[in-house]
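Notes follow once the structure below has been shown.
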Amino acid sequence: MPTYGLENRLVVGIASSALFDLEESDAVFQERGEEGYRAYQADHVGHTLRPGVAFPFIRRLLSLNDLSAEDDPLVEVIILSRNDPDTGLRVMRSIRDHELRISRAVFMQGRSPYRFMPALNMSLFLSANIDDVRQAVTAGLPAGHVLGGLYDDDPNDPDLRISFDFDGVLATDASEQVFQTGGIEGFRDHELRNAAVPLDAGPLKDFLAHINRIQKREEAERRADAGYRTRLHVSLVTARSAPAHERPVTSLKEWGVTVNDAFFLGGIEKASILEVLKPHIFFDDQAGHLEKTSRTTPSVHVPFGRINERPAPPALHT
């Protein structure tokens, strides 16, 4: 069999817990333990799993492969799972039943598979297991924790809308640290003085770069076919406002990446904007913002930066 290269593709790793609704399966594991869980999955192997939080995003992302030859896809989605191959059989059959073009998987019995992300050239890993996500981010890898439940998804809507927060997601949290120590006035003064200085790239900048490459392919398709309708749309949704809005624009330009739309909200609740925008996935580094957005929008917590550092355990008195 010839070698299949991943270097020039957008590769996304996804846990079965992010792709499908595993609430019932998780309850079985908690009540009956590993052996009970294995027996349950064997008994239900023919029962197709229901879509989970990231299903609409993944389905639409894979649909963009119609822009390329079948044997040379733009997008590759690979399952990264804590299941073993036996219990993972239901996941792979559900993928087949939902007609998702996913054929590759890594099953690691009870262990986190994030360590294989670099070997598989992944620019994103999504999971409902927060510990796996935190370990990946701590290791410097781009990962996110999916939040919320099932969302209404229009199967006739071909578009894919992706929304990003800026600080701690596309950029590092350097400016957020200024805000945490200097307050809003200190933050505004710092950002105004450094408006022309690009920030360092954050965990999902490379993912956005891959998305932009697909957008360029769409633009080429539109130029060749006036009837082609662009499907992929990217927006920035941030709590920044003027004059602190300039630095994200400067940074994106320096990194060579773009967004279609930008919302500089200056404290306006993000959830209200996202309800109108209706992205199929939204990435933010602050759990407080996502508590509200996840009620109506498929949301992903990127636990990056100082604000997401777990407090140290109390010192022992000796």
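The values are calculated or read from the model by the stated rules, or taken from the named source; none is laboratory data. The structure presented is a predicted model; accordingly, all values stated were derived computationally and were not measured. FYI the Cβ positions are ideal-geometry reconstructions off the backbone, even for glycines, and counts take in every protein chain you see. In case anyone asks, the SASA skips ligands and DNA or RNA and just uses the protein heavy atoms, side chains included. Shrake-Rupley method; radii C 1.70, N 1.55, O 1.52, S 1.80 Å.
Against the definition (more than 24 Å from Ala119 (Cβ to Cβ), without any contact (Cβ under 8 Å) to a residue 60 or more places away in the chain, surrounded by fewer than 20 Cβ atoms within 10 Å (Cβ to Cβ) and of a type in the set (S, T, N, Q)), how does Gln41 come out, yes or no?
Considered against the rule, which asks whether it is more than 24 Å from Ala119 (Cβ to Cβ), without any contact (Cβ under 8 Å) to a residue 60 or more places away in the chain, surrounded by fewer than 20 Cβ atoms within 10 Å (Cβ to Cβ) and of a type in the set (S, T, N, Q), Gln41 comes out as no.
Pro248 fails exactly one of the following numbered conditions: (1) closer than 24 Å to Glu7 by Cα; (2) of a type outside the set (Val, Ile, Thr); (3) open to solvent by less than 70 Å² (accessible area, probe 1.4 Å). What is the number of that condition?
(1)
Which is among the hydrophobic types (A, V, I, L, M, F, W, C), surrounded by 15 or more Cβ atoms within 10 Å (Cβ to Cβ), within 21 Å of Leu62 (Cβ to Cβ) and in contact with a helix residue (DSSP H, G or I) (Cβ under 7 Å, 6 or more places away or on another chain), of Leu141, Leu126?
After applying the criteria, what remains is Leu126.
Within the stretch 18-38, track down each residue that is aromatic (Phe, Trp, Tyr) and touching a residue at least 40 places away in the same chain (Cβ under 8 Å).
Phe20, Tyr37
For (1) out of contact with any Pro (no Cβ under 6 Å at 6 or more places or on another chain); (2) within 29 Å of Asn156 (Cβ to Cβ); (3) open to solvent by less than 70 Å² (accessible area, probe 1.4 Å); (4) of a type outside the set (Val, Ile, Thr), each residue gets a yes or a no:
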position	(1), (2), (3), (4)
Asp72	yes, yes, no, yes
Ile78	yes, yes, yes, no
Phe107	no, no, yes, yes
Pro113	yes, no, yes, yes
Pro118	yes, no, no, yes
Asn121	yes, no, yes, yes
Val137	no, no, yes, no
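Given the residues Pro303, Pro243, which is the only one that is in contact (Cβ under 8 Å) with a residue 40 or more places away in the chain and either over 20 Å from Ser123 (Cα atoms) or touching a Leu at 6+ places or on another chain (Cβ under 9 Å) (or both)?
So the residue among Pro303, Pro243 that is in contact (Cβ under 8 Å) with a residue 40 or more places away in the chain and either over 20 Å from Ser123 (Cα atoms) or touching a Leu at 6+ places or on another chain (Cβ under 9 Å) (or both) is Pro243.
For the list (1) buried (at least 21 other Cβ atoms within 10 Å of the Cβ); (2) assigned to a loop (DSSP other than H, G, I, E, B); (3) among the aliphatic types (A, V, I, L, M), I need the number of the one condition that Leu274 fails.
Unmet condition: (2).
Mind checking which strands (runs of 3 or more DSSP E) fall wholly inside the stretch 91-154 and carry at least 2 residues that are in contact with a Ser or Thr (Cβ under 9 Å, 6 or more places away or on another chain), more than 24 Å from Gly168 (Cα to Cα) and at pLDDT 95 or above?
104-107
Glu176 is checked against (1) of a type in the set (Asp, Glu); (2) modelled with pLDDT of 95 or more; (3) open to solvent by 20 Å² or more (accessible area, probe 1.4 Å) and fails just one. What number does that condition carry?
Of the numbered conditions (1) of a type in the set (Asp, Glu); (2) modelled with pLDDT of 95 or more; (3) open to solvent by 20 Å² or more (accessible area, probe 1.4 Å), the odd one out for Glu176 is (2).
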